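**Q** Once you've had a glance at the structure underneath, I'll fire off some questions.
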Amino acid sequence: MKEILSGNEAVARGAFEGGLHFACAYPGTPSTEILENMAKYKEIHSQWSVNEKTALETALGASFGGMRALVAMKHVGLNVAADPLFSAGYIGAKGGFVIITADDPGMHSSQNEQDNRNYARAAKIPMLEPSDSQEAKEFTKLALTMSEEFDTPVLLRLTTRISHSKSIVELAERETIEVKGYEKNVKKNLVMPAHARVLHKKVEERLLKLKELSNDFKYNFIEYKNKNVGIITSGISYQYVKEAMPDASVLKIGLTWPLPERLIREFAEKVDKLYVVEENDPFIETEVKAMGIKITGKEIIPIVGELNTRIVKESFKVIEPYKLKETSEKSPGRPPALCPGCPHSSVFYAINKLKLIATGDIGCYTLGALPPLNAMDTCVDMGASITNAIGLEYALKGRDKRKIVAVIGDSTFFHSGITGLIDLVYNKGTSTVIILDNSITAMTGHQENPGTGKTLMGEDTPKFDLVNLVKGLGIEDVYTVDTYDLDAVTNLIKRETERDKPSVIIARRPCILLPEMKKKKFDRYEIDEAKCTGCQMCVKLGCPAISFDKEKKKAHINETLCVGCSLCFQICKFGAIKKVKGE
Amino acid sequence: MNTKIIIAGVGGQGILLASDILCEVAMKSGLDAKKSEVHGMSQRGGDVVSHVIFGDKVYSPLISYEEADVILAFEQVEALRNLDYLKSDGVIIVNKAKILPVPVASGLADYPKDPIGEVKKFAKNTIVIDAEEIAKELGNSRVMNVVLLGVMAKNVRSIDKNIWIETLKESVPQKTIDVNVKAFERGYSYS
Ligand SMILES: Cc1ncc(C[n+]2csc(CCOP(=O)(O)OP(=O)(O)O)c2C)c(N)n1
Ligand code: SF4
Ligand code: SF4
């Protein structure tokens, strides 16, 4: 049977067909849908982990128990999980163990463009790179068997265009794999120096064997055409090369690490001029050059951003660079914004008004940094809001009177804010931390987390009580506030940031896009034009339902977008915003 | 030759459903098909673009400048934004909807005065339609995207109309099949 699947759906399907028993992940674009789809297969136990490090360790635990296990994350997630990744490289795999990294060339929704092929080399772990959904499915199955055969975790690298593109996939049945069971084996599973010294030797031997495999690997293959030009490529770049350079000979690499040296040498000898087309880092290029082979890569192929067919054609001078049309009217940008009625808005409105320094974090709420709210100063990585505040507070002490507030989402707090908060208490910080508790992981499309009381598979589980958690971490002053009460939010933040004592404000209200919130009836608001003075205070909230007519000098509320949060009504000093009873 | 189609609009307008149906229709016609889009921020009012390519053998899931046979724009500014992708003899279908980006709403940027006029200056074949109006006439403003699909179907000659209707019936909730088929027909016969 055939189906059109995205790369992420295909990975889940491949895991199912390959007899996978256990899967876990922390969400992150573009990897999130892997686990969401995995959870549809009841034969596999799927769960959301609290972060990528706990996820990788959890999956390794399942592999210890002889299960076929998989863990998925976005590229930056592998930084969080890098510590256990390197240990896992030494330990190997009892049950097949696959680690998926979904990279984001072009940074469609990420803070950097790191190329995680570098992790395969650094951790000495094999890496497979599919170039469409069919391969994504096959490679997931292959990774499981390769892992068991070579006693190694296997990295599977996707990129945004693999994860989020759909193509036709031929489906197969699920293979039934017995759980091998657990056996104590400290020499392998307990990496202390005496054991690790032996294991490292094994890792190097394993790499040599994998290198041999790479040369004969079915998915490392050459397509000879015109031998004037030979191009080495892998992943999505293969598709661009096939379209841009239909007459060139191509060496397509599916097993990116370790590279098939013999095959590369053979190819290099047969073609007149050798090129490599790869996104981001010159990974293959560096290796080929180290083999002493002459090859052209980043001299013509851009290192920044993602590729496409056109860029490849332009790089090979098949076509001239394209000049954008000179339209006289330009399209204004359409950046994402906090939703109308977003529970985060009032906090940022208050921070802006109080002129605080806000160390920020990653989530929907990062949009609070954009105009008109402009209420976030920094965003580094998940969890950094609190720890950045600790250092910044110290640097400002006695030099700068401005107050610092750290802003972090609930899922982000569970991910990596907790240790930071302990650090703040331990090191006698006095900054105020605001936990934006919208009862969901919203940014990545609404996943459950420890605060929601539900698991990925839809089971009930204890719901974390943030107040007690924070108190347990040593914060004495913990307050909760409803974010639809603007005065309460503003006054509380003002009072707490002025005090020289650490405190946590839990700013609480569910995301309006949650199904239970969408069902609720509400009153809408509208502008009374006679009373509107055009002061634009309501516009500063950044609510997409509110617009300002420059000619009329009046605000306007879009009736289909307004969800009746009443924040604009609370802001307007002239009583120009009035309630309209909902039907 | 492969057929290349871009569907563009704003989060929440039903673009992904439309491009899913298009892909399914191509596969049912025995063609190779790929589609690509970026998820992520679309829920929060950002622009959404979906590329769909089908034919005998499809490699890249992305469409480059001046390659699209058809652009289906669910919103006026999104038509203008994607104009560079249109082939010189391609067709661009523009829905009359106007959705203000937040920077425009808050007075930091301007919405073009006449995006459709601007599109027409560059595109030889422009079809303008008020799909929301038609959907409202049919009593369900949510079928706007299917009206637009109908207009597109008419302009993609390589696919049989019956396959469209069959796939549409499978893709929408049971209760709304009738109104969706009507919406499709209204789009298909629009000129
Ligand atoms: C290490 C890492 N993992 C995952 C992500 C993707 N990601 C960004 S924000 C976020 C969750 C945000 O949830 P929350 O803190 O609850 O804020 P909300 O979006 O709900 O406002 C995730 C999973 C990331 N950027 N970095
Ligand atoms: S999805 Fe929820 S949390 Fe995110 S911007 Fe919209 S309302 Fe706010
Ligand atoms: S009440 Fe005001 S701020 Fe809230 S959603 Fe409606 S227009 Fe936006």
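**Q** Nearest 500 deg cm²/dmol is fine: what mean residue ellipticity at 222 nm does chain B get from its DSSP H runs of n ≥ 4 alone, each adding -39,500 (n - 2.57), divided by its residue count? Walk me through the numbers before you get to the answer.
**A** Numbers: 8 runs with 74 residues, N = 191.
Dividing the helical sum by the residues of chain B leaves -11000 deg cm²/dmol.
**Q** Of the options A:ILE512, A:GLY106, A:LEU208, report the single residue whose Cα projects farthest towards the positive end of the charge dipole of chain A (beta-carbon charges: Lys, Arg +1; Asp, Glu -1).
**A** Selected residue: A:ILE512.
**Q** Of A:GLY534, A:ASN449, A:ILE295, which is farthest on the positive side of the dipole of the protein assembly as shown, counting Cα position, with +1 on Lys and Arg Cβ, -1 on Asp and Glu Cβ, and the Cα centre as origin?
**A** Sorting the options by dipole projection puts first A:GLY534.
**Q** Moving on. From the cross-link list A:LYS242/A:LYS273; A:LYS330/B:LYS35; A:LYS53/A:LYS166; A:LYS330/B:LYS34, which pairs have alpha carbons spaced over 20 Å apart?
**A** A:LYS330/B:LYS35; A:LYS53/A:LYS166; A:LYS330/B:LYS34
**Q** Have a look at A:THR419, A:PRO462, A:VAL179 and report the one farthest towards the positive end of the charge dipole of the protein assembly as shown, computed about the Cα centre with Cβ charges (Lys/Arg +1, Asp/Glu -1).
**A** Most positive-ward Cα: A:THR419.
**Q** Hey, another quick one. Check B:GLU75: other-chain or 5+ apart residues with amide H under 5 Å from its amide H, H built from backbone geometry?
**A** Answer set, sorted by chain and number: B:ASN95.
**Q** Now for a separate question. For the stretch A:397-407, in order, what is each residue's ³J(HN,Hα) by Karplus, 6.51 cos²θ - 1.76 cosθ + 1.60 with θ = phi - 60°, in whole Hz (x at glycine and Pro)?
**A** The phi angles translate into 3, x, 10, 8, 7, 5, 9, 10, 10, 9, 10 Hz.
**Q** What are the residues whose amide H is under 5 Å from the amide H of A:ILE506, where those residues sit 5 or more places off or on another chain and H is modelled from the backbone?
**A** A:ILE435, A:TYR479, A:THR480, A:VAL481
**Q** Follow-up. Using only the Cα atoms of the stretch A:219-285, build the gyration tensor, take square roots of its eigenvalues as a ≥ b ≥ c, and label the shape rounded, prolate or oblate: rounded if a/c is under 1.5, else prolate if a/b is larger than b/c, else oblate.
**A** Taking the square roots of the gyration eigenvalues as a ≥ b ≥ c, the stretch A:219-285 is oblate.
**Q** Ok, one more. Would you please give the residues with an amide H less than 5 Å from that of A:ASP528, counting only those at least 5 places away or on a separate chain, with H modeled from the backbone geometry?
**A** Those qualifying (amide H under 5 Å, at least 5 residues apart or on another chain) are A:ILE577, A:LYS578.
**Q** Also: Once a ≥ b ≥ c are taken as the square roots of the eigenvalues of the Cα gyration tensor of the stretch B:3-188, is the result rounded (a/c under 1.5), prolate (a/b larger than b/c) or oblate (a/b not larger than b/c)?
**A** Oblate is the answer for the stretch B:3-188, as a/c is 1.5 or above yet b/c matches or exceeds a/b.
**Q** Please label the shape of the stretch A:1-141 as rounded, prolate or oblate, based on the square roots a ≥ b ≥ c of the eigenvalues of the alpha-carbon gyration tensor (a/c under 1.5 means rounded; beyond that, a/b larger than b/c means prolate, else oblate).
**A** Numbers: a/c = 1.44, a/b = 1.05, b/c = 1.36.
Rounded is the answer for the stretch A:1-141, as its axis ratio a/c remains below 1.5.
**Q** Please order A:ASP381, A:ASP103, A:ASP482 by the number of other Cβ within 10 Å, starting at the fewest.
**A** Lowest count first: A:ASP482, A:ASP381, A:ASP103.
**Q** Something else: Under 27 Å between alpha carbons, and skipping anything fewer than 8 positions from A:LYS520 in its own chain: which lysines qualify?
**A** Partners found: A:LYS454, A:LYS463, A:LYS540, A:LYS578, A:LYS579, A:LYS581, B:LYS136, B:LYS175.
**Q** Roughly what would the spin-label model give for A:ALA194 and A:LYS463, points 7 Å off Cα along C-beta, in nm?
**A** 5.1
**Q** What's the magnitude of the charge dipole for the stretch B:75-191 around its Cα centre, counting Lys and Arg as +1 and Asp and Glu as -1 at the beta-carbon? Answer in Debye, nearest 20.
**A** 160
**Q** Now a separate question. Would you calculate, for chain A, the mean residue ellipticity at 222 nm contributed by helices, counting each DSSP H stretch of 4 or more residues as -39,500 (n - 2.57) and dividing by all residues, to the nearest 500?
**A** Value at 222 nm, helices only: -10000 deg cm²/dmol.
**Q** Can you list which of the GluC sites (Glu not before Pro) found in the stretch A:422-497 are DSSP loop residues with at most 12 other C-beta atoms within 10 Å?
**A** Sites meeting the loop and neighbour criteria: A:GLU459, A:GLU476.
**Q** Percent of Cα-Cα pairs per 10 Å bin, from 0 to the last occupied bin, for chain A, please list those.
**A** In whole percents, the pair-distance histogram is 3, 15, 22, 22, 19, 12, 5, 1, 0.
**Q** With a cut-off of at most 13 other beta carbons within 10 Å, and DSSP calling the residue loop, which trypsin sites (Lys or Arg not before Pro) in the stretch A:398-462 qualify? Please list them. All intermediate terms of the calculation are to be shown ahead of the outcome.
**A** Working: sites: A:ARG399, A:LYS401, A:ARG402, A:LYS403, A:LYS428, A:LYS454; in loops: A:ARG399, A:LYS401, A:ARG402, A:LYS403, A:LYS428.
Filter output for the stretch A:398-462: A:ARG399, A:LYS401, A:ARG402, A:LYS428.
**Q** I've got another one for you. For chain A, return all DSSP H helices satisfying: extent of Cα atoms along own axis at least 27 Å; mean Kyte-Doolittle hydropathy at least -1.0.
**A** Sorted by number, the helices that extend far enough and score high enough are A:193-216.
**Q** Only Cα pairs within less than 10 Å get springs; with that Gaussian network setup on chain B, which residue of B:SER50, B:SER64, B:SER19 has the largest fluctuation?
**A** Among B:SER50, B:SER64, B:SER19, the largest GNM mean-square fluctuation belongs to B:SER64.
**Q** Given +1 on the Cβ of Lys and Arg, -1 on the Cβ of Asp and Glu, and no further charges, what dipole in debye does the protein assembly as shown carry about its Cα centre, rounded to the nearest 20?
**A** Value, rounded to 20: 1100 debye.
Laboratory data are not the source of any read-out in this text; all were calculated from the coordinates shown. The structure displayed is predicted, hence computed values, not measured ones. Please note: Cβ atoms are built from the backbone with ideal geometry, for glycine as well, and neighbour counts cover all protein chains shown.
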